[in-house]
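Chemist: Please find one structure pasted underneath; my questions will follow.
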Amino acid sequence: MKEVKVEVIGPEPPCMRCQAAKKAVEKAAEKLKQAGVVVNVEKANIMSKEIVQKYGVLVSPAIAINNAVKIIGRVPSPEEVEKLIIEAAK
Amino acid sequence: MEEKTKRAVRKAVLLAFFIIVIGLLIYSRVTARPTKETFKDKLSEFGLWESPLLYVAIPALYIADYFSHAWICLLFAFSVAGLIYEFVPKETITRYMGRGKAAGYGLALCMAPFLTVCSCTMVPLFGGILYAGAGVGPAITFLLMAPAANILTILMTGEMISWAVAGARIIASAAVAVIAGLIVSATPWGKAVEKEFQVADSAAGSSAKVEVVKPPLDERLWAALKFAGYLAKQILPFFIIGLIVVGYLSAFIPEEIVESYLTGPTGILIASVLGGPLYTPTLVEIALGQELWNKGMSKGALLSWLMGQPYDFANAMAVSRIAKWKVVATYFIVAWAGSVTFGFLYGMLSGSL
């Protein structure tokens with residue numbers, strides 16, 4: 001069983017595009033669950049000290065997979081997120 | 001193989017769309033025939049001034065009139081904003097944000113126009129810049145530059161009013177944004193905010209990294225178009241409501257009032273006070289400015305009016321959640337003083353005070 005951590009990074013309260021990004025990630029996670037990949041989706045605040053310290057300045061929405069930022073400032077499709085997660089799970 | 005052809009077709013269609021939009025704008029420039037007929041002539045033509053339908057007819061005809069002139073320009077502005085937002089290398093810009101003061105100011109000025117057509121990215125970026133150690137100065141610069149001179153507003157100002165005014169708007173906004181940043185970072189309360197947001201410089205040692213993936217061109221073009229659509233959905237409803245108000249103002253404000261109050265030094269003062277705190281949704285300030293200008297407002301007052309956008313209340317409220325109100329008050333005052341000063345300068349230089 002593989003585990004992958006996905007952080008959806010956006011402002012708090014979330015903006016519309018960040019919610020769309022989160023939905024795409026959740027959709028991908030749902031699909032991957034059947035394939036035996038456990039995806040932990042977390043929401044991270046783009047304006048918190050921890051996140052800026054970890055990743056630097058980001059444009060929301062951003063998505064990090066296993067502590068590596070893969071997407072900055074755009075809403076990906078569920079298929080794209082799925083591909084990225086599978087890659088990270090390898 | 002089939003997947004490949006599909007992608008190629010999609011790429012071709014999307015590229016064709018963007019080329020047609022750009023072509024349309026150029027075509028409309030080349031063949032432009034300025035018509036003097038306005039929605040008010042139509043009101044007279046149909047004899048609506050005395051009819052009870054007047055109050056419905058004004059906004060309806062005004063909006064129809066406005067969009068018949070502006071639809072190409074709006075389509076172009078939104079498409080280009082989407083394209084630029086998608087293709088500007090965001091990760092490169094943000095990576096250099098934390099490196100020193102001069103780089104901070106430079107980047108804040110350069111990236112604000114490209115990254116922030118959407119207000120929901122603005123305040124987070126403001127906070128991010130602060131945390132990244134670039135200091136409160138560049139953060140303020142970014143905050144003031146973003147609404148004043150983003151792609152959308154510049155394109156609309158240039159196309160609907162004049163490119164000279166749009167150029168003046170960019171230069172004046174950049175100057176005011178930097179000055180405000182420098183002043184705020186020199187005040188004790190500015191320094192206090194800076195200290196509060198200081199983070200230990202340990203990002204280099206952590207395991208985290210940024211390795212942004214780039215999807216294929218057809219997907220990026222599609223994303224650009226989708227973002228353009230998103231922007232339009234966010235902005236146009238408020239823009240249309242704004243236009244309704246502008247329509248009434250245009251129909252009922254006599255030219256004598258505009259000519260006597262919105263020209264000369266008092267005109268600039270009044271325009272700067274009205275343009276700022278009074279919250280006008282994006283792009284509405286351009287439509288209203290255009291209307292007032294047609295009625296005789298001076299160019300100096302017009303610039304002051306347009307420069308009021310960054311220091312409106314909605315913006316200030318959002319920022320005061322992160323920074324102290326003293327910081328907000330300081331940049332408010334500097335931005336206002338800047339809009340008056342540059343209004344005067346531009347008015348004198350263009351001979352229309």
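Chemist: Can I get the semi-axes of chain B's equivalent ellipsoid? Compute them from the C-alpha gyration tensor as square roots of 5 times the eigenvalues, in angstrom, largest first. Provide the component values of the computation, followed by the final result.
Modeler: Numbers: eigenvalues 264, 178, 50 Å².
Semi-axis lengths for chain B are 36, 30, 16 Å.
Chemist: Right, next: Run the reach check for B:LYS40 against aspartates and glutamates, Cα to Cα strictly under 12 Å, same-chain hits fewer than 8 apart removed. What comes back?
Modeler: B:ASP65
Chemist: In angstroms, what radius of gyration and Dmax does the protein assembly as shown have, counting Cα atoms only?
Modeler: Gyration radius and largest Cα-Cα distance of the protein assembly as shown: 23.8, 78 Å.
Chemist: Okay, next question. Taking each residue in B:212-225, count the Cβ atoms of any other chain within 10 Å of its Cβ, then average. What number comes out?
Modeler: Values: counts 9, 12, 0, 6, 0, 0, 0, 5, 1, 0, 1, 4, 1, 0.
Across the residues of B:212-225, the mean count of other-chain Cβ atoms within 10 Å is 3.
Chemist: If you average 1/r across every pair of different Cα atoms in chain A and take the reciprocal, what Kirkwood value do you get, in Å? Present the calculation step by step, with values, prior to reporting the outcome.
Modeler: Details: mean 1/r = 0.0781 Å⁻¹.
Roughly 12.8 Å, rounded to one decimal.
Chemist: In whole percent, what relative contact order does chain A give with Cα contacts below 8 Å and a gap of six or more residues? Don't skip to the end; give the middle numbers.
Modeler: Values: 154 pairs, mean separation 35.9, N = 90.
40 percent.
Chemist: Residues of B:124-134, mean number of Cβ from any other protein chain within 10 Å of their own Cβ, rounded to a whole number? Please report the intermediate quantities before stating the final value.
Modeler: On the way: counts 15, 8, 1, 8, 11, 2, 3, 10, 6, 4, 1.
That works out to 6 on average.
Chemist: Longer than 21 Å from Cα to Cα, which of A:LYS2/A:LYS49; A:LYS23/A:LYS49; B:LYS101/B:LYS191; A:LYS23/A:LYS54 are they? Say none if no pair is. All intermediate terms of the calculation are to be shown ahead of the outcome.
Modeler: Numbers: A:LYS2/A:LYS49 29 Å; A:LYS23/A:LYS49 25 Å; B:LYS101/B:LYS191 14 Å; A:LYS23/A:LYS54 24 Å.
Distance filter (> 21 Å) returns A:LYS2/A:LYS49; A:LYS23/A:LYS49; A:LYS23/A:LYS54.
Chemist: Continuing with this model, one more query. What is the list of residues in region A:56-90 whose amide nitrogen lies under 15 Å from a point 7 angstrom out from the Cα of A:ALA35, following Cα to Cβ?
Modeler: A:77-90
Chemist: Relative contact order for chain B using alpha-carbon pairs under 8 Å, separation at least 6, rounded to a whole percent? Don't skip to the answer; put the middle values down first.
Modeler: Numbers: 452 pairs, mean separation 66.5, N = 353.
Result for chain B is 19 percent.
Chemist: Arranged by the count of other C-beta atoms within 10 angstrom, fewest first, what order do A:ILE71, B:ILE244 take?
Modeler: Values: A:ILE71 26, B:ILE244 14.
The most exposed by this proxy come first: B:ILE244, A:ILE71.
Where a number appears in this text, it was derived from the coordinates with a stated rule and is not lab data. Not measured: the values here are computed from a predicted model. Methodologically, a virtual Cβ is constructed for each residue, glycine included, from the backbone with ideal geometry; neighbour enumeration extends over all protein chains shown.
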